[in-house]
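J.: The structure is given below, and queries will be raised subsequently.
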Amino acid sequence: MMPLGEELYSGKAKSVFRSENPDQYILHFRDDTSAFDGKKVEKLSDKGKVNNLFNAFIMELLAEEGIPTHFIKRLSDTDSLVKKLTMIPVECVVRNYAAGSLCKRYGIEEGTAISPPTFEFFLKNDELHDPMINDSHIVSFGWATQEQIQQMQTLTFRVNDVLKKRFDEAGMLLVDYKLEFGMADNGELTLGDEFSPDGCRIWDKTTRNKMDKDRFRQDLGNVIETYKEVAQRLGISL
């Protein structure tokens, strides 16, 4: 097992550590779970392991489709080795079905299919509650260039093409999700952070049962058991 170096960042459910290579970090997935900007917090056994294995599977799948990611390899049940990126403080959100804040903002009925899918930018800032932003804000405040904006949109929709199909084949709907990008040392825009049931909405295609972190937000129970079911349907060995 690769030793953990200095802790560089500790988020709601993950920590980032230095590795033996200055160009690589160790992403540590914890059992911590939070919602509503940290107002609801709990530890869920096995969550770190499930999300780490889930993320590794998704990142490898996307890399096979030619999408650049920071993922290098899984080190253990809870740790993965990733490339060092200079992160862009913007979240890219795609919605295939109406849910969550979209319904509240626009009065759209939950579960409404969205065609074509919507794309939204949000500023990654917990203190400001991740406000929605647009291209003009991003360029004017120096968060990213217009070229990077276009690249983020293009890659996010490419991810949607790959994953929406994969989830559908497994009997699930990929309702919405967020992605975060950063710049690699070679100047390539690269997918960073993670992809797990923590950062997307997943419903059973037939029953519309929720199979993501909404189970925690809405006190539906069986959070990790459902995460594991999602993983198993996708063919992920836990």
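Only the coordinates and a few stated rules stand behind these numbers; no lab work does. Since the structure is predicted, the reported quantities are computational estimates derived from the model, not experimental observations. Positions of Cβ are generated from backbone atoms using ideal geometry, with glycine treated the same way; all protein chains shown enter the neighbour counts.
J.: Remind me, relative contact order of region 86-221 in percent, using alpha carbon pairs under 8 angstrom and six or more residues apart? Walk me through the numbers before you get to the answer.
T.: Numbers: 212 pairs, mean separation 32.9, N = 136.
Here the relative contact order equals 24 percent.
J.: Which shape class applies to region 7-83: rounded if a/c is under 1.5, otherwise prolate when a/b exceeds b/c and oblate if not, where a ≥ b ≥ c are the square roots of the Cα gyration tensor eigenvalues? Could the numbers behind the result be given before it?
T.: Values: a/c = 1.98, a/b = 1.46, b/c = 1.36.
Prolate shape, in that a/c is at least 1.5 and a/b is the bigger ratio.
J.: For region 169-187 and region 189-231, write down the distance between their C-alpha centroids in whole Å.
T.: 14
J.: Taking loop as defined by DSSP and a crowding limit of 11 other beta carbons within 10 Å, which GluC sites (Glu not before Pro) in region 86-160 fit?
T.: Details: sites: 91, 109, 110, 120, 127, 147; in loops: 109, 110.
Those satisfying the criteria are 109.
J.: I would also like to ask the following. Enter the Cα centre distance for the pair region 139-154 and region 21-100, rounded to the nearest angstrom.
T.: Spelled out, the Cα-based centre of one part sits 22 Å from the other.
J.: Among 101, 237, which comes first, then next, by fewest other beta-carbon atoms within 10 Å? Let's see the in-between values first.
T.: On the way: 101 14, 237 7.
Ordered from fewest to most neighbouring Cβ atoms within 10 Å, 101, 237 come out as 237, 101.
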